[in-house]
Amino acid sequence: MKYDSILDTIGQTPLVRIDPAVHGLRSTELYAKLEFFNPFGSVKDRAAWGMARPALADAAERGAEVVELSSGNTAKALAVIASMHGLGFRSVTNRMKIPEVKELLLLLGAEIEELPGQSECLDPTDTEDPLTRFHRELSAPGGSFLHTDQYFNPANARAHEEGTGPEIIADLGGRAPDWFVAGVGTAGSSSGVARALRAADGDVRVLGLVAEKSDFVPGIRNLDEVQEVGLFDPATYDLIEAVGSLDAIDGMVELIRRCGILAGPTGGAAYHGAVRRLREVEASEPERRRTAVFVVCDRVESYLSYVRARRPELLGATASLATRTAASVGEEERAGVNRMPVAEAQKWLLHEQPLVVDLRGPHAYAAQHIEGSVNIADELFAELLRGGLPFSKSRPVLLACPVGEKSVGYAAVLTRMGHPDVRSLDGGVIAWRDAGAPLVRE
């Protein structure tokens, strides 16, 4: 096949049947839509091209810079598209959580601007969030930006309504599947495909997958975060269910090792969530035959550090190293962590002078932090734990994160490693701020 441009190869990705011997479903034909066959490696290629294409000529004339609030695949696709059209690209986010993706964006020529937003996803109702303020600047008339605005731009969903959805129907012989399953990030792919499938068959059921609260699955919001996404419409989904990061990795490994599909954790989450839900459907309707499709968003290679932090044994780590991860901490162990309310923590700091470790990113720390605290971002903290107990046992430790979830996990790990007095700031830095406790800025 010959093409005039690599951009002409976006779309027409394969639909691959999963062997029933792998998924174990008895009356369901399960298919994976392999979006990593897109030229820049992910489902976001479609949305990026769909959002940017109509405005590129005007942007080039104005010398505008392409800007997106993204730390992942959308940024990657836009960086390439902008570069191909002689434009700069800036990725704005509060945190680059996957080091490999950050390095790839830099290689692609992107400028990365990290702002101390309270969440990665824009919250337009929070007027004090730096990301919200930056979003207003981007939207101002006469600006020098081409802001593709993936969380609110209808072209995001339209790319899938006009592309991904019809491709699925064509590959299934002109029929829509009975079930469609996708992770919910910007909600563009899930809502766009759902519209196309339901236009062909109004009985199509749609399962949206989100990350478990306080957990992180790349490309998927948790149930709280997804409410902030402008394209998210609860009516799109018949069901919304949560998937944990360990389940996502399990699904990913099964697709890789048993199907030869080199899916990333988002695809693993979609596969795990699809099989889990369809088992229940089969139990209630055992005689009915059905077809289901889930989306594999991207490939595994960019997520090795993510896997290492949660399942180090999969990358050859010893059993002892596997116990030094927050992901290895169970609910019972988390329940045993000493969680200090703000008022108690203030007194403890005054009288015992513990080492206060702020696990947030450097930009959030620079904006506001507890005086005397040291900043070790959680991904760096995870690496430190691989080398052994990073602090003296003679001094108590108070861990602080945004809302007091990650700090509980790491406190449990430090305790497991032998530290006698580790505590977690209950409610995190946000609770500290809301209580009116003093914060300093650097």
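A compact table of results
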{"read-out": "Area of residue 432 that stays accessible when all protein chains are in place (1.4 Å probe, Å², to 10)", "value": "10 Å²"}
{"read-out": "Candidates 277, 195, 299: whichever shows maximal mean-square fluctuation once the chain is modelled as a Gaussian network with Cα springs under 10 Å", "value": "277"}
{"read-out": "Cα gyration tensor category, rounded, prolate or oblate, for segment 204-322 with a/c compared to 1.5", "value": "oblate"}
{"read-out": "Rounded accessible area of residue 389 (nearest 10 Å², 1.4 Å probe)", "value": "50 Å²"}
{"read-out": "Computed accessible area, residue 313, all protein chains, 1.4 angstrom probe, square angstrom", "value": "80 Å²"}
{"read-out": "Exposure ranking of 231, 106 by accessible area [1.4 Å probe, largest first]", "value": "106, 231"}
{"read-out": "Of 44/76; 33/102; 33/213; 44/102, those spanning more than 19 Å from alpha-carbon to alpha-carbon", "value": "33/102; 33/213"}
{"read-out": "Solvent exposure, largest accessible area first (probe 1.4 Å, DNA, RNA and ligands not counted), of 301, 225, 167", "value": "301, 225, 167"}
{"read-out": "Heavy-atom SASA rank of 5, 83, 424 (probe 1.4 Å, accessible area, largest first)", "value": "83, 5, 424"}
{"read-out": "Three-way shape call for segment 282-415 based on the alpha-carbon gyration tensor, with the a/c threshold at 1.5", "value": "prolate"}
{"read-out": "Near-label residues of segment 347-378 by backbone N, under 12 Å of a point 7 Å along Cα→Cβ of residue 392", "value": "355"}
{"read-out": "Dipole moment magnitude, nearest 20 debye, the chain about Cα centre, only Lys, Arg, Asp, Glu C-beta charged", "value": "840 debye"}
{"read-out": "Two-decimal Rg to Rh for segment 370-433 - Kirkwood Rh, Cα set", "value": "0.94"}
{"read-out": "Nearest-ten-degree value, helix 406-416 long axis tilted from longest Cα axis of the chain", "value": "60 degrees"}
{"read-out": "Extension gain (nm, one decimal) between residue 235 and residue 103, 0.36 nm per residue minus Cα-Cα", "value": "43.8 nm"}
{"read-out": "Difference of contour (0.36 nm per residue) and Cα-Cα distance, residue 83 to residue 223", "value": "46.9 nm"}
{"read-out": "Debye intensity ratio I(q)/I(0), log10, the chain, q values 0.07, 0.12, 0.13 Å⁻¹ (C-alpha model)", "value": "-0.37, -1.04, -1.19"}
{"read-out": "Segment 336-392 - percent of accessible surface contributed by carbon and sulfur, probe 1.4 Å", "value": "52 percent"}
{"read-out": "Nearest-ten-degree value, helix 342-352 long axis tilted from longest Cα axis of the chain", "value": "40 degrees"}
{"read-out": "GNM top mover of 185, 41, 336 - the chain, alpha-carbon springs below 10 Å", "value": "336"}
{"read-out": "Reciprocal mean inverse distance between Cα atoms of segment 252-318 - Kirkwood radius, Å", "value": "13.4 Å"}
{"read-out": "For segment 139-206 and segment 305-345, distance of Cα centres in Å", "value": "36 Å"}
{"read-out": "Leading residue at positive end of dipole, segment 1-102 (Cβ point charges), from 71, 14, 59", "value": "71"}
{"read-out": "Helical contribution to [θ] at 222 nm, DSSP H n ≥ 4, -39,500 (n - 2.57), averaged over the chain, rounded to 500", "value": "-11000 deg cm²/dmol"}
{"read-out": "Rounded to 5, the percent of DSSP beta bridges in the chain classed as antiparallel", "value": "10 percent"}
{"read-out": "Modelled FRET efficiency - R0 51 Å, residue 285 with residue 7, Cβ distances, 0.05 increments", "value": "0.75"}
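The values are calculated or read from the model by the stated rules, or taken from the named source; none is laboratory data. Note that this is a predicted model, so its numbers are computed, not measured. Counting neighbours? That spans all protein chains shown, and the Cβs are built from the backbone with ideal geometry, glycine included. Each accessible area value is taken on the protein alone, full model and side chains, heavy atoms only, with ligands, DNA and RNA left out. Shrake-Rupley method; radii C 1.70, N 1.55, O 1.52, S 1.80 Å.
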